Amino acid sequence: MTEGLNGTVMVIDDDAAVREAVHSLLRSVGFDAEMYGSLAEFTARGGLPDAPCCLVLDVRLPGVSGLDFQADLKRRGVSVPIIFITGHGDIPMSVQAMKSGAIEFLAKPFRDQDLLDAINCGLELDRKRREEERAKGELQNRFSALSGREQQVMGQVVSGLMNRQIAANLGIAEITVKVHRGQVMRKMGAGSVVELARMADRLDVH
């Protein structure tokens, strides 16, 4: 399936009239809208799109409830912003959904703009998550390209140790530490020790 430039919105609702109305609304503002009448239909999709996306999910669905499906996604480590819609919602249900990370909980009939606002929020969150994962992946690749000794030196540099202290700890010459340190800065693309330390924090390197 082709993902829209503005993001992909996947709607799961067993009410055909709701799906048709939401589909028309989303297409009118440029979203790639995918409609599913059940969780089984959605599961058959074979995974999430490789693009910013969010899920508009009816709370009450045949079989597994929307809340149970949200919990299942969380257990499996699947990150996707969820907007719940329901004609039978109550306060405890909405609290449970929001505590579990839902973006919004909208009671039917809802205002078009409220749904669009929630979708825009969800897509922006997913864009940021994807960018963060991409950037962290690049950092991890750079770190993996370091030799074992360079990784050791990096860990001690970001701990605030001086070259002579690192040399003593690793049992190598101070000049060798300087060479490794230079290689680390170059390979990691760090302009300063402070920047290197920020990279180490993101990678949980100490």
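What follows is calculated from the coordinates using simple rules that are stated; it is not laboratory data. Given the structure is predicted, the values throughout are model-derived calculations rather than measurements. Please note: Cβ atoms are built from the backbone with ideal geometry, for glycine as well, and neighbour counts cover all protein chains shown.
With a ≥ b ≥ c taken as the square roots of the eigenvalues of the C-alpha gyration tensor of the range 145-203, please select rounded if a/c is under 1.5 and otherwise prolate if a/b is larger than b/c or oblate if it is not? Note, shape of the range 145-203 comes out prolate. When only the Cβ of Lys, Arg, Asp and Glu is charged (+1, +1, -1, -1), the dipole of the range 8-151 relative to its Cα centre reaches about 580 debye.
Structure shown: which of LYS108/LYS128; LYS99/LYS136; LYS136/LYS178; LYS136/LYS187 lie over 24 Å apart, alpha-carbon to alpha-carbon?
Correct reply: LYS108/LYS128; LYS99/LYS136; LYS136/LYS178.
With neighbour counts taken as other beta-carbon atoms within 10 Å, the residues GLU34, GLU150, GLU124, GLU133 rank, fewest first, as GLU133, GLU124, GLU150, GLU34.
Taking a ≥ b ≥ c as the square roots of the eigenvalues of the alpha carbon gyration tensor, the range 29-127 is rounded, as a/c is under 1.5.
Compared with the dominant Cα axis of the chain, that is its longest principal axis, helix 193-203 is turned about 50°. Let me know the shape class of the chain, please: from the alpha-carbon gyration tensor, a ≥ b ≥ c as square roots of the eigenvalues, rounded when a/c is under 1.5, otherwise prolate if a/b is greater than b/c, or oblate. Prolate shape, in that a/c is at least 1.5 and a/b is the bigger ratio.
In sequence order, the range 29-35 has phi-based couplings of 10, x, 8, 7, 10, 10, 10 Hz under the Karplus curve 6.51 cos²θ - 1.76 cosθ + 1.60, θ = phi - 60°, and Gly or Pro positions carry x. Less than 5 angstrom separates the built amide H of LEU106 from those of PHE84, ILE85, THR86, all sequence-distant by 5 or more or on a different chain. Exposure proxy ranking for MET154, MET93, based on other Cβ atoms within 10 angstrom of each Cβ and starting from the fewest, stands as MET93, MET154.
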